[in-house]
1. Taking amide H atoms as placed 1.01 Å from N in the peptide plane, list the residues 5 or more away in sequence, or in a different chain, whose amide H sits under 5 Å from that of A:Ala30.
2. Evaluated at 20 °C with a viscosity of 1.002 mPa s, what Stokes-Einstein diffusion coefficient in µm²/s does segment A:1-55 have when Rh comes from the Kirkwood expression over alpha-carbon pairs?
3. Determine the shielding of peptide B:99-111 by partner chains: average, over its residues, the number of Cβ atoms on other chains within 10 angstrom of each Cβ.
4. Return the long-range amide H neighbours of B:Glu17 (sequence gap of 5 or more, or a different chain), with a cut-off of under 5 Å between placed amide H atoms.
5. So what's chain A giving for Rg/Rh, alpha carbon basis, Kirkwood Rh from the mean inverse pair distance?
6. Using the Cβ atoms and a cut-off under 10 Å, what net charge is assigned to the surroundings of B:Ser95, where Lys and Arg are +1 and Asp and Glu are -1?
7. Can you list, by residue number, the Cys in the protein assembly as shown that have no neighbouring cysteine C-beta under 4.7 Å?
8. If amide hydrogens are placed 1.01 Å from N in the peptide plane, which non-local residues have theirs closer than 5 Å to the one on B:Ile11?
Amino acid sequence: GAVVSQHPSWVICKSGTSVKIECRSLDFQATTMFWYRQFPKQSLMLMATSNEGSKATYEQGVEKDKFLINHASLTLSTLTVTSAHPEDSSFYICSAPPDMDGNNQPQHFGDGTRLSIL
Amino acid sequence: AQKVTQAQTEISVVEKEDVTLDCVYETRDTTYYLFWYKQPPSGELVFLIRRNSFDEQNEISGRYSWNFQKSTSSFNFTITASQVVDSAVYFCALSREGDFNKFYFGSGTKLNVKP
């Protein structure tokens, strides 16, 4: 079964709204989580690395004030798209590495969140 | 810099045909990891395989097989006797030692298997 739960799976909202997406690790602790964005018919691009108890690390070109990441516990990371606009419409996916023997197991991906800004 | 190239944007085959999805990567690291993931229309990523740079053995898993060649920096994926359920977007990805869980994805190949 799923070991990383992502919520919501789909959200539609008006331009200017802030949207929060949650990524939870189930039955394991994740000190690090990753957030990816996928535009339609394109690849997944890493946006940021979420670190429990410290600031997230953003990839080049990703606005940290636009995409707020909070990793307040060992099982939850949140991505908030602030003042969302239609160009922020995308598929957002989180992932978390296994908590033990990580190099022998693939990391777990959430099922993704489809964000549509009207 | 790390880069993964999947030159085939979309492939269409008829059921039972064999199909090979190409993946070419670039990295200056000597230790790295390569992956293939399947993304069905529902969107979730399904893990298929992981290979480290020191393991060039080809692998077969049922109808799936992978050909890793460091000499050409390629990690190609073949589906034998394709089925309609194989229709999906397939991503090749690369990660580095020391940053194992940070993935660099290719642009994906959409596979359409027609009955």
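Bear in mind these aren't lab numbers, they're just calculated from the coordinates by the rules spelled out. This is a predicted model, so every value here is computed, not measured. Methodologically, a virtual Cβ is constructed for each residue, glycine included, from the backbone with ideal geometry; neighbour enumeration extends over all protein chains shown.
1. So A:Ala30 has HN proximity to A:Thr75.
2. Values: Rh = 13.4 Å.
In µm²/s, the coefficient is 160.
3. Values: counts 1, 5, 14, 9, 9, 4, 7, 2, 4, 5, 0, 1, 0.
For peptide B:99-111, the averaged partner shielding equals 5.
4. Distant-sequence amide H within range of B:Glu17: B:Ser82.
5. Numbers: Rg = 13.6 Å, Rh = 14.2 Å.
Reported Rg/Rh, Kirkwood definition of Rh: 0.96.
6. Numbers: positive: B:Arg50, B:Arg96, B:Lys102; negative: B:Asp29, B:Glu97, B:Asp99.
Summing Lys and Arg as +1 and Asp and Glu as -1 gives 0.
7. Within the protein assembly as shown, the cysteines lacking a partner Cβ under 4.7 Å are A:Cys13.
8. B:Lys110, B:Leu111, B:Asn112
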